1. Tabulate in residue order the Karplus-calculated ³J(HN,Hα) for the stretch 419-432, using 6.51 cos²θ - 1.76 cosθ + 1.60 with θ = phi - 60°, rounded to whole Hz; enter x for Gly and Pro.
2. Hey, fewest Cβ within 10 Å first, where do M227, M372, M319, M184 land in order?
3. Roughly how many whole Å is it from the C-alpha centroid of the stretch 472-509 to that of the stretch 551-590?
4. If we count every other residue with Cβ under 10 angstrom of V489's Cβ, Lys/Arg +1 and Asp/Glu -1, where does the sum land?
5. Can you give the extra length, in nm with one decimal, that the chain gains between V500 and M227 once fully stretched, where that is 0.36 nm per residue apart less the Cα-Cα distance?
6. Pairing the Cα long axis of helix 8-19 with the longest principal axis of the chain, what angle in degrees results, from 0 to 90 and rounded to the nearest 10?
7. So what's Rg/Rh here for the stretch 63-213, counting alpha carbon atoms and using the Kirkwood radius for Rh?
8. Can you give the extra length, in nm with one decimal, that the chain gains between H219 and T308 once fully stretched, where that is 0.36 nm per residue apart less the Cα-Cα distance?
Amino acid sequence: PSPPPSNFLRQIIEHDLAEGKFAQARWGGSPGDAAHHATGPLDPARIRTRFPPEPNGYLHIGHAKSICLNFGLARDYGGVCHLRFDDTNPEKEDQEYVDGIIDAVRWLGFDWHAFGTEHLYYASSYFDFMYRAAEYLIEQGLAYVDEQTPEEMRARRGDFATPGVDSPYRTRSVAENLARFRQMKEGELPDGAAVLRARIDMASPNINLRDPALYRIKHAAHHATGMRWCIYPMYTFAHPIEDALERITHSICTLEFEDQRPFYDWLLDHLAAGGLIATPQPRQYEFARLNLTYVVTSKRKLKHLVDTGIVQGWDDPRMPTIVGLRRRGYTPEAIQLFCERIGVTKDYSWIEYSALEGALRDDLEHKAPRAMAVLEPLKLVLTNWDDLFGAGHLEPCELPALPHAPQDQPAPPPRRFTLGKEVWIERDDFTELPPKGYKRLFPSNRVRLKGGFVIECTGCVKDANGQVTEVHASVLPDTKSGTPGADSVKVKAAITWVGVADGISAEVRLYDRLFTDAQPDAGGKDFLQLLNPQSLRVVQAIVEPSLATARPDDKFQFERHGYFVADRVEHTPQHPVFNLAVGLKDSWGK
Ligand code: ATP
Ligand code: MG
Ligand code: MG
């Protein structure tokens with residue numbers, strides 16, 4: 001395989017490695033290290049990245065970009081990527097989401113086991129250290145307990161044009177702050193009565209440095225620590241500490257956090273100066289998040305779609321979640337290919353949904369066996385069949401499972417099926433009055449039944465409403481595919497079909513985009529008003545007999561229709577269910 005394309009992060013890492021910046025981090029040796037690093041005995045990882053989801057929902061395609069990036073960099077540079085649950089927010093988090101995230105990362109093909117250790121961490125396991133770090137800041141005069149109301153605090157923060165104003169609590173003594181902070185911890189104050197704030201600069205042009213909150217009171221049960229704590233660290237305080245304790249070298253996040261970087265450095269500089277954390281400290285780098293057209297990637301909004309029943313669950317095949325994409329028929333390889341193709345930059349942009357679909361098509365083209373499926377069945381009767389072959393005759397036919405199988409792989413066995421007097425064809429493969437250029441069935445025209453004989457249309461039967469109920473044709477003898485006479489009659493089209501005798505009836509779910517707007521989430525739009533009412537159409541189809549052995553998650557190309565997957569949840573041999581993963585051609589521009 002070709003080496004991955006370079007990007008600004010790879011350049012930074014290569015530069016750091018060339019300078020030997022982490023030689024010390026590899027082998028330990030700084031005073032704070034032995035006591036506080038979270039990763040066990042230091043291993044020979046050359047770099048350390050992390051993927052730090054909050055377990056408050058299922059992962060989506062945006063997270064996949066971050067996963068491929070962080071795990072990919074660790075893999076390519078002899079490092080390790082930690083899977084860390086950023087579980088500092090007690091109310092929204094749940095074990096169900098922890099399990100779902102572990103499944104998703106593993107399914108995408110990444111592993112957090114390295115150098116004999118499982119690098120799976122929970123931010124909540126650092127709560128003791130975080131509390132100690134907070135007391136240290138208080139002792140240094142770098143933090144204070146503020147008891148203003150939230151409204152007063154907001155009013156004094158100022159805005160872009162106006163510097164903030166100091167809190168009246170800002171000048172409390174160290175002793176008073178320590179005592180009050182301990183009271184917060186002991187549960188003596190109700191929710192919202194006080195927060196611990198960093199003492200930095202209320203006039204800073206960067207609003208994130210105007211004495212940001214470090215700890216808040218929340219009398220709430222936490223999924224991992226139960227009722228042990230009633231104060232919880234804020235994300236901005238917790239995250240740099242998590243990175244430092246795990247000896248992360250490159251802490252990669254999305255651009256929204258660029259303004260937080262000065263605080264990230266402020267905090268770690270002070271903790272390192274006090275010997276609480278090891279050096280070299282982690283550095284934060286930002287990249288542009290993935291924005292994908294026709295897709296919403298906010299866990300909160302996705303949860304709303306689930307909770308209100310707009311979709312059937314987190315794994316609904318229309319969801320941009322990893323579990324949804326998986327059930328839709330996406331492969332880990334296709335998602336990885338997509339992430340590689342979109343690259344990593346610092347430029348805000350939108351990626352076309354068709355780029356994701358293109359990656360799936362490219363991955364499945366050489367993997368997914370072909371099959372014939374008739375999605376809108378119309379019966380075709382071969383009126384001279386009995387005269388030619390005798391009543392009840394079934395002619396065995398076959399077609400390759402993978403017509404373009406890679407040269408270096410053994411070709412799979414062909415699919416076998418039979419042709420008899422009656423077959424199912426697509427309703428729109430017949431018309432009485434052909435428009436210009438129509439090459440399929442119409443009276444007196446000839447087509448090939450793919451893998452079978454050439455036939456000539458002789459007419460049709462209609463019901464009282466004029467709806468065609470049956471098409472009639474006669475077989476041209478000695479024209480079967482693969483026999484010497486196959487080319488004796490030239491035709492302009494081959495149509496797909498399934499025999500009435502051996503076709504299998506199946507439920508086929510035809511999915512389309514969930515939203516009608518390319519940016520349903522942007523510029524104050526209400527995504528709930530932009531739902532596509534046709535995002536799911538269910539049809540009763542007839543599929544070829546080779547699909548009788550399809551197992552859940554097996555993928556196929558239904559010839560002329562697209563790629564389909566046997567539904568992982570509901571497909572059974574008794575009740576086959578196939579989901580449209582992606583059409584054969586890009587139809588988004590239409
Ligand atoms: P959401 O807003 O959907 O809850 P989040 O960013 O709050 O997403 P986290 O669980 O905190 O979700 O995200 C874990 C990691 O995934 C973070 O490092 C974040 O930068 C990254 N991430 C989340 N969304 C995207 C995206 N659209 N593109 C790239 N990376 C993303
Ligand atoms: Mg988050
Ligand atoms: Mg977010």
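Read-outs throughout are calculated quantities, based only on the coordinates presented, and are distinct from any laboratory measurement. Remember, it's a predicted structure, so these values are computed and weren't measured experimentally. Neighbour counts are summed over all protein chains in view; Cβ atoms, including those assigned to glycine, are modelled from backbone coordinates with ideal geometry.
1. Once θ is set to phi - 60°, the couplings for the stretch 419-432 become 10, x, 5, 10, 9, 9, 10, 5, 3, 8, 8, 10, 8, 6 Hz.
2. So the ranking, lowest neighbour count to highest, is M227, M184, M319, M372.
3. Between the Cα centres of the stretch 472-509 and the stretch 551-590 lies a distance of 23 Å.
4. My count for the surroundings of V489 gives 0.
5. 91.8 nm
6. 50 degrees
7. 1.08
8. Going from the current span to full extension adds 29.2 nm.
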